[in-house]
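Report on one structure; see the data block that follows.
Each reported figure results from applying straightforward, stated rules to the coordinates on display, with no laboratory input. It should be emphasised that the depicted structure is a prediction, and the values quoted were computed from it without experimental measurement. Counting neighbours? That spans all protein chains shown, and the Cβs are built from the backbone with ideal geometry, glycine included.
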Amino acid sequence: MYKRQYLICDAADEAAVEPIEDFLFAQGVEVCLPATDAGSAEADALHRENLLGCDGVLVFYGSAPRAWVEIKLRDALKAPGYGRPAPITVQGVYVAPPLDHRKERFRSLQTRVIQHQPDFVGNAELMAFVQALKEART
């Protein structure tokens, strides 16, 4: 049985997440994305459905502001309130370009923080995230 990864990104980062999407798929992970081309109601409905049906959440911190990242992490925490039977235990934030001082210092006790590296295969943090996803109970 495959695992489902909800890769949350801002519409401005759709092209930037494609290498991560491809990498996760190559690792045997089904990737679901937000509906960035839909209306607000449809996008919100799909966002909740993705939170209900995923095994893990990875928030892509690229062009979006930090407040957007915090909102998406809080949405993941609220998933049991949407009807999910258990919390999402595998969560992460992928810190991507454009990098700046504040983004490079991004830390969290709530979630894994994965710093961008050009070589996804060599990124130990991302590989550990994928391993945790594969081992997670749903």
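Say we look at the stretch 23-45 and pick out the residues that are of a type in the set (Gly, Ala, Ser) and within 29 Å of Leu99 (Cβ to Cβ); which of these is surrounded by the most Cβ atoms within 10 Å (Cβ to Cβ)? I'd like the intermediate steps shown before the answer.
The initial filter retains those residues of the stretch 23-45 that are of a type in the set (Gly, Ala, Ser), namely 26, 28, 35, 38-41, 43, 45.
If we keep only those that are within 29 Å of Leu99 (Cβ to Cβ) too, we end up with 26, 35, 43.
On the way: Ala26: 11, Ala35: 17, Ala43: 15.
The residue in question is Ala35.
Being surrounded by 19 or more Cβ atoms within 10 Å (Cβ to Cβ) and among the β-branched types (Val, Ile, Thr) is a condition met by at least one residue of the stretch 10-22.
Filtered by the rule that a residue be over 13 Å from the mean Cα position of the chain (by Cα), over 22 Å from Ala132 (Cα atoms) and touching a residue at least 24 places away in the same chain (Cβ under 8 Å), the stretch 45-63 gives Arg48, Ser63.
Of the residues that make up the stretch 99-113, is at least one surrounded by 13 or more Cβ atoms within 10 Å (Cβ to Cβ), within 19 Å of Arg4 (Cα to Cα) and in contact (Cβ under 8 Å) with a residue 24 or more places away in the chain? Yes.
Pairs linking a residue in the stretch 20-42 that is farther than 16 Å from Gly62 by Cβ and free of Cβ contacts under 8 Å to residues at least 40 places away in the same chain to a residue that is surrounded by fewer than 13 Cβ atoms within 10 Å (Cβ to Cβ) and of a type in the set (D, E, K, R), with Cβ atoms under 8 Å and 6 or more positions apart or on different chains, are Ala35/Glu42.
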